[in-house]
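Heads up, the thing below is written out as structure tokens.
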Amino acid sequence: MATGKIYDRTTEDVGNIIAMEHVNITVPDQSLATLFYVNGLGLTRDPYIDFGPNNVWINAGNQQFHLPTNKAQVIRGHIGIVLPDLNALDERLYSVEKRLRGTKFSFKRSKGFLSVTCPWGNKIKCYESGKLYTMRLGIPYIEFNVPSGTSKGIARFYKELFNCRTLTRKSSCQITIGRGQNLRFKEVKNNVDYDGHHIAIYVVDFSTPHNYLDDHSLITEESDAHQYRFKTIIDPNTGEKLFDIEHEVRSLHHPMYGRFLVNRNAAQSFRNYQQGLDAFVP
Ligand SMILES: [Fe+2]
């Protein structure tokens, strides 16, 4: 028998959802969106998948924001982002403040993070890498505000359908995803109507959750061979509808699985340019 330190080996178990890859939020103005996400947050416009003026994909480490043009959508809760340097972020946000005046854009430094509101009201909490989060750049979590009394049922949904590790508290739950990511659901009193934003996840076992969702008439789109969608989270114990958030569920055969996403070093500028430091490896 081996001796020495005893490890809790379950902490490194990964359930069926191995990545949350993108969050899709429609925006009414592409130039303002680019100013905020690229110049302000310091993220990178996807150089390969380009939709012209109607949509932009913004790389944040190994995750993305998808921002098609349409009426503004707002996440009910907030998105967590990890960036390499919060002081540099502060400076970049100051630099775009004037041009975003008249929108909902704002930012505020708090202990351990920087709270940012996008021009249309999406709340983003920015953390510096290496402290709470090991990733150097990316989207470690999204926290959704959900109706009172739903968080335990939501945890059961992800546990039963996707075999996720879940952590439940009195009025919230956390769903573990892949390496260093999670979905959080926090009960609040005042709930806002769902406006259609979505998230994309990759799963190892593609068919088992599909069978369950199909049996319960929860599939909203059979997108193609590699992807389906569902929108409503139900309590598997009772069938009660708990919360709407569209999931794009992708198999590991999806052509975009594991795609290399280009990230730039946001510290590079025309004024301080240094050869060889253009890329950022998250
Ligand atoms: Fe999507």
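Annotations for the structure displayed:
- Top-ranked residue of segment 1-41 - restricted to ones that are modelled with pLDDT under 90 and among the aliphatic types (A, V, I, L, M), ranked as surrounded by the fewest Cβ atoms within 10 Å (Cβ to Cβ): MET1
- Qualifying position, being in a loop (DSSP other than H, G, I, E, B) and within 16 Å of the ligand (Cβ to nearest atom), among ILE6, ILE75: ILE75
- Only a single item in (1) surrounded by fewer than 19 Cβ atoms within 10 Å (Cβ to Cβ); (2) without any contact (Cβ under 8 Å) to a residue 40 or more places away in the chain is not met by ASP85, and it is number (2).
- In the condition set (1) in contact with a strand residue (DSSP E or B) (Cβ under 8 Å, 6 or more places away or on another chain); (2) part of a loop (DSSP other than H, G, I, E, B), ASP244 is compliant with all but (2).
- The residues on offer are GLY196, GLY138, and the sole one that is closer than 24 Å to VAL82 by Cβ, touching a residue at least 60 places away in the same chain (Cβ under 8 Å) and small (Gly, Ala, Ser) is GLY138.
- Subset of segment 9-21 (residues that are within 16 Å of the ligand (Cβ to nearest atom) and touching a Phe, Trp or Tyr at 6+ places or on another chain (Cβ under 7 Å)): ILE17, ALA19, GLU21
- For segment 216-248, the set of residues classified as among the basic types (Lys, Arg) and in contact with a His (Cβ under 9 Å, 6 or more places away or on another chain) consists of ARG229, LYS231, listed by residue number.
- Checking the stated criteria, LEU213 turns out not to satisfy the condition of being of a type outside the set (Phe, Trp, Tyr), closer than 21 Å to MET256 by Cα and in contact with a strand residue (DSSP E or B) (Cβ under 8 Å, 6 or more places away or on another chain).
- Within this structure, ILE219 passes the test of being of a type in the set (A, V, I, L, M), farther than 26 Å from THR10 by Cβ and without any contact (Cβ under 8 Å) to a residue 40 or more places away in the chain.
- Among the criteria (1) within 12 Å of the ligand (Cβ to nearest atom); (2) modelled with pLDDT under 95, the one VAL249 does not fulfil is (2).
- Considering residues of segment 45-72 that are under 16 Å from the mean Cα position of the chain (by Cα) and not in a strand (DSSP E or B) only, the residue farthest from the ligand (Cβ to nearest atom): GLY61
- Top-ranked residue of segment 181-211 - restricted to ones that are outside any strand (DSSP E or B) and surrounded by 18 or more Cβ atoms within 10 Å (Cβ to Cβ), ranked as nearest to the ligand (Cβ to nearest atom): HIS197
- Criterion: over 21 Å from ASP46 (Cα atoms) and free of Cβ contacts under 8 Å to residues at least 24 places away in the same chain - qualifying residue of GLY77, GLY102: GLY102
- Residue within segment 118-141 that is surrounded by 20 or more Cβ atoms within 10 Å (Cβ to Cβ), more than 16 Å from the ligand (Cβ to nearest atom) and closer than 30 Å to THR238 by Cβ present: yes
- Flag if ARG92 is modelled with pLDDT of 95 or more, surrounded by fewer than 22 Cβ atoms within 10 Å (Cβ to Cβ) and within 12 Å of CYS118 (Cα to Cα): no
- Residue identified as assigned to a strand (DSSP E or B), farther than 21 Å from GLN63 by Cα and away from the ligand (no atom under 16 Å from the Cβ) among THR220, THR238, THR232: THR232
The values are calculated or read from the model by the stated rules, or taken from the named source; none is laboratory data. For clarity, every value in this text was computed on a predicted model and none was experimentally measured. Positions of Cβ are generated from backbone atoms using ideal geometry, with glycine treated the same way; all protein chains shown enter the neighbour counts.
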